[in-house]
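The values are calculated or read from the model by the stated rules, or taken from the named source; none is laboratory data. Quick caveat, the model's predicted, so the values are computed rather than measured. Because the Cβ atoms are built from the backbone with ideal geometry, glycine has one as well, and the counts that use them run over all protein chains shown. Surface areas here come from the heavy atoms of the whole protein model, side chains and all, with no ligands, DNA or RNA. Shrake-Rupley method; radii C 1.70, N 1.55, O 1.52, S 1.80 Å.
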Amino acid sequence: MTIASKLLSPAIIDQAKKEGVLNALESVYAKAHYARFKRVKWGRDFFDGIQFGDGSLIAVKPGQFNRLTLVALESDTALA
């Protein structure tokens, strides 16, 4: 299990629905002092993400109808 999958809890997902994805991502970053911001490419566009020491990421992923979601990825090579 990666750091990103451990940190992306149902509470964080609920916070993203209530306060917005970017605010939830920023609160995870503020609590995880061992992470760094990373630009993540989905298709032709770049979105925000956080990369941890083991290479895993929590990234903002675009969805249908301009909805954004948070996803946990094992590495940046897992991107579509």
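Of note:
- Sites Leu68 and Met1 - FRET efficiency at Förster radius 35 Å, r taken between beta-carbons, to 0.05: 0.90
- Residues with amide H under 5 Å from that of Phe47, placed H, sequence gap 5 or more: Val40, Lys41, Trp42
- Stokes-Einstein diffusion for region 3-78, with the hydrodynamic radius set to the Kirkwood value over Cα pairs and evaluated at 10 °C in a medium of 1.306 mPa s, equals 129 µm²/s.
- For the chain, accessible area per residue (1.4 Å probe, heavy atoms of protein chains only), Å²: 66 Å²
- Working note: Karplus 6.51/-1.76/1.60 with θ = phi - 60° gives region 15-22 the couplings 4, 5, 5, 7, 9, x, 5, 5 Hz, where Gly and Pro are set to x.
- Helix-derived mean residue ellipticity, 222 nm - over the chain, DSSP H n ≥ 4, -39500 (n - 2.57), to 500: -9000 deg cm²/dmol
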